[in-house]
Amino acid sequence: MPWTKDDYPDTFKNVSADVRNKAIEIGNALLREGYEEGRAISIGLSQARETVEGKAEDRPHFEVRSREDEWVLKKKSASSVIYKENTKSALLKKAKPYVTNHEGVLTVYHEDGTKEQTLYE
C-alpha cells in the first residue's frame with residue numbers, strides 16, 4: 001500500500017516535513033520497483049535526508065554522553081553543554097527534537113563510552 005502525507009511509517013515522524021515528503025516519494029517509488037518495505041523505508045529516508053539536508057558529513061554532529069552522574073547533549077568537539085539530564089532516556093526526549101530541528105546527526109554512547117548508535121545520518 002503506498003504511503004501518503006497522512007499515512008506513513010513511524011520512522012518518518014521524527015524528520016522535517018520536507019524530508020518526510022521526499023522520503024514518502026522515494027519510498028513509494030522503491031515499493032513499485034519491488035523493494036521490501038523495510039528496505040524502502042531505510043533507503044527512502046536516507047536519500048531524502050541527503051537530498052533535502054545535504055550529506056551527513058556537511059551537517060552538524062551532536063553527541064549524547066554520560067558525564068559523572070548525568071547525561072549531556074553537546075555539539076561534537078565542543079565543551080559547552082546544550083542539555084543535561086539525570087537519565088539517558090530523559091535527555092534523548094530533548095535531544096532528538098533539538099538535533100532534528102538543527103538538521104544534525106546524533107551519536108549516542110553507552111555509559112562506558114562505547115558507541116551505541118548514530119541517528120539521522
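Across the chain, C-alpha contacts under 8 Å between residues 6 or more apart give a mean separation that, scaled by the residue count, equals a relative contact order of 20 percent. Close amide H pairs (under 5 Å, H built 1.01 Å from N) link Phe62 with Lys76, Val105, Leu106, Thr107, residues at least 5 positions away or on another chain. Listed cross-link partners Lys88/Lys115; Lys22/Lys75; Lys5/Lys93; Lys13/Lys115; Lys5/Lys75 are compared with a 20 Å cut-off, the Cα-Cα value being larger for Lys22/Lys75; Lys5/Lys93; Lys13/Lys115; Lys5/Lys75.
Please report, in whole Å³, the volume per residue of the convex hull around the C-alpha atoms of the chain.
107 Å³
Pairs of Cα atoms in segment 27-86 fall into 10 Å distance bins, from 0 up to the last occupied one, in shares of 20, 27, 24, 21, 7, 0 percent. By accessible area, using a 1.4 Å probe on protein heavy atoms only, the chain has 43% of its surface on carbon and sulfur. Taking all protein chains as they are arranged and a probe of 1.4 Å, the heavy atoms of Ser89 leave approximately 70 Å² accessible to solvent. Helix screen, the chain: no DSSP H segment has Cα axial length of 30 Å or more and mean Kyte-Doolittle hydropathy at least 0.5. The residues of the chain expose, per residue, 62 Å² of accessible area to a 1.4 Å probe.
The values are calculated or read from the model by the stated rules, or taken from the named source; none is laboratory data. All figures in this text were calculated on a predicted structure; none of them were measured in a lab. To get the accessible areas, we keep the full protein, side chains included, count just its heavy atoms, and leave off ligands, DNA and RNA. Shrake-Rupley method; radii C 1.70, N 1.55, O 1.52, S 1.80 Å.
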